[in-house]
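Here is the structure we will look at, set down as structure tokens.
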Amino acid sequence: MGAFRLTRTYHFSAGHRLARAEFSELENARMFGQCHRQHGHNYAVEVTVEGTLDPATGMSADLGEVDAAVQKVLLERVDHYDLSSTVPELDGVISTGENLARAFWDWLEPVLAAGSLRRVAVVETENNAFEYFGAGDGVAR
Amino acid sequence: MSAGMVYATRKFTFSSAHRYWRDEWTLDENRRVFGHLTVVHGHNYTLEVTVRGHVDPQTGMVMDLAELKRVVGDAVLARFDHADLNRDAVFAAGQIPTTENLVRAIWDVLAPKLGAERLWRLRLWEDPTFHVEYFG
């Protein structure tokens, strides 16, 4: 029997803009287009963990623990905040989907069961999604 | 034309009831481990079946999706749709009907019918916020 990969989807809403502090408004507009204006999204975050089956419970991960960890280190930090200015952990980070996926990975990896995190996906809109599989041998499958 | 394998996915939906419960445990133990899942409830499941293979030059297909629909319909939907999973033979024998065990049970009936080489992945959604992937 192989491993199981479990994916939970969470939602948060946040403001953001793409800008570099050292750039002028004009330079930011040139580099980031309409994304340099303050706006926001209803984000979805997909968290995938892998585990082997516990025959007694029929479960391969404790979803309650995953939910609690995501709530504590992710959702409470970002839900209804401005990712560009009111989340200290994101200071200096341009809040693209790519950077958010990497940041969320860094927040979640230490608090989930050791070695269980496989994938973090940030779904910014119905049209844009960003997946991160970690710096190690993470593979997109 | 590039000759690599192509992966084809078809979605199916079914609705089932279940509860998480171990007879040999006390009520308190069951509640501690399974919480509110000890109560009978149900879900609208979505099953994604991915088959892979080389494209048949005659048909342009990896697999006839009508055949896939018939196989999954007979082996999975007829068995689990509008059914109580706890009363199914595989779960009545003591397995908890979690999404993990259900996707594995579905794998076990589909793999021999579709071929272990051809069946690549099952993705089972319990609801829009939770799914499990199994590769056999």
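When A:ALA21 is tested against (1) loosely packed, with under 14 Cβ neighbours inside 10 Å; (2) under 30 Å from B:PRO128 (Cα atoms), just one condition goes unmet, and that condition is (2).
Quick grid of which residues meet (1) closer than 25 Å to B:HIS41 by Cβ; (2) touching a Phe, Trp or Tyr at 6+ places or on another chain (Cβ under 7 Å); (3) not polar (S, T, N, Q):
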site	(1), (2), (3)
B:VAL62	no, no, yes
B:LEU68	no, no, yes
B:VAL72	yes, yes, yes
B:HIS82	yes, no, yes
B:ALA89	yes, no, yes
B:GLN95	yes, no, no
B:GLU100	yes, yes, yes
B:ILE106	yes, no, yes
B:PRO112	no, no, yes
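Considering the stretch B:56-71, the residues that are assigned to a helix (DSSP H, G or I) and out of contact with any Leu (no Cβ under 7 Å at 6 or more places or on another chain) include one that is surrounded by the fewest Cβ atoms within 10 Å (Cβ to Cβ), namely B:ALA66. Among the residues making up the stretch A:54-94, a single one is surrounded by 15 or more Cβ atoms within 10 Å (Cβ to Cβ), assigned to a loop (DSSP other than H, G, I, E, B) and of a type in the set (D, E, K, R): A:ASP62. Just so you know, in the stretch B:103-115 the residues that are in a helix (DSSP H, G or I) and free of Cβ contacts under 8 Å to residues at least 24 places away in the same chain include one that is farthest from the other protein chains (Cβ to nearest Cβ), and it is B:PRO112. Among the residues of the stretch B:62-83, is any under 23 Å from A:MET59 (Cα atoms) and within 14 Å of chain A (Cβ to nearest Cβ)? No - not one qualifying residue is present in the stretch B:62-83.
Residues in the stretch A:93-131 that are touching a residue at least 12 places away in the same chain (Cβ under 8 Å), more than 12 Å from the chain's Cα centre (by Cα) and more than 19 Å from A:LEU6 (Cβ to Cβ): A:ILE94, A:THR125, A:ASN128. Pairs are defined by a Cβ separation below 8 Å, a sequence spacing of at least 6 or placement on different chains, a first member in the stretch B:1-16 that is more than 14 Å from B:ARG52 (Cβ to Cβ), and a second member that is hydroxyl-bearing (Ser, Thr, Tyr); the pairs so defined are B:LYS11/B:THR46; B:PHE12/B:THR46; B:THR13/B:TYR45; B:THR13/B:THR46; B:PHE14/B:TYR45; B:SER15/B:TYR45; B:SER16/B:TYR45. Residues that are within 19 Å of A:VAL73 (Cβ to Cβ) and in a helix (DSSP H, G or I) within the stretch A:95-141 comprise A:GLY97, A:ASN99, A:LEU100, A:ALA101, A:ARG102, A:ALA103, A:PHE104, A:TRP105, A:ASP106, A:TRP107, A:LEU108, listed in sequence order. Identify the residue in the stretch A:10-43 that is hydroxyl-bearing (Ser, Thr, Tyr) and in contact (Cβ under 8 Å) with a residue 40 or more places away in the chain and, among all such residues, is nearest to the other protein chains (Cβ to nearest Cβ). So, considering only residues that are hydroxyl-bearing (Ser, Thr, Tyr) and in contact (Cβ under 8 Å) with a residue 40 or more places away in the chain, the one nearest to the other protein chains (Cβ to nearest Cβ) is A:TYR10.
Find the residue count for the stretch B:116-130, including only residues that are touching a residue at least 40 places away in the same chain (Cβ under 8 Å) and either within 11 Å of chain A (Cβ to nearest Cβ) or in contact with a Leu (Cβ under 8 Å, 6 or more places away or on another chain) (or both). Total satisfying the criteria: 9.
For beta carbons closer than 6 Å, sequence separation of 6+ or different chains, a first residue in the stretch B:22-51 that is farther than 16 Å from B:ASP81 by Cβ and free of Cβ contacts under 8 Å to residues at least 60 places away in the same chain and a second that is small (Gly, Ala, Ser) and assigned to a strand (DSSP E or B), the qualifying pairs are B:VAL40/B:ALA17.
Just so you know, all these numbers are worked out from the coordinates, no wet-lab data involved. Because the structure is predicted, anything quoted here is derived from the model rather than measured. Cβ: placed from backbone, ideal geometry, glycine included. Neighbour counts: every protein chain shown.
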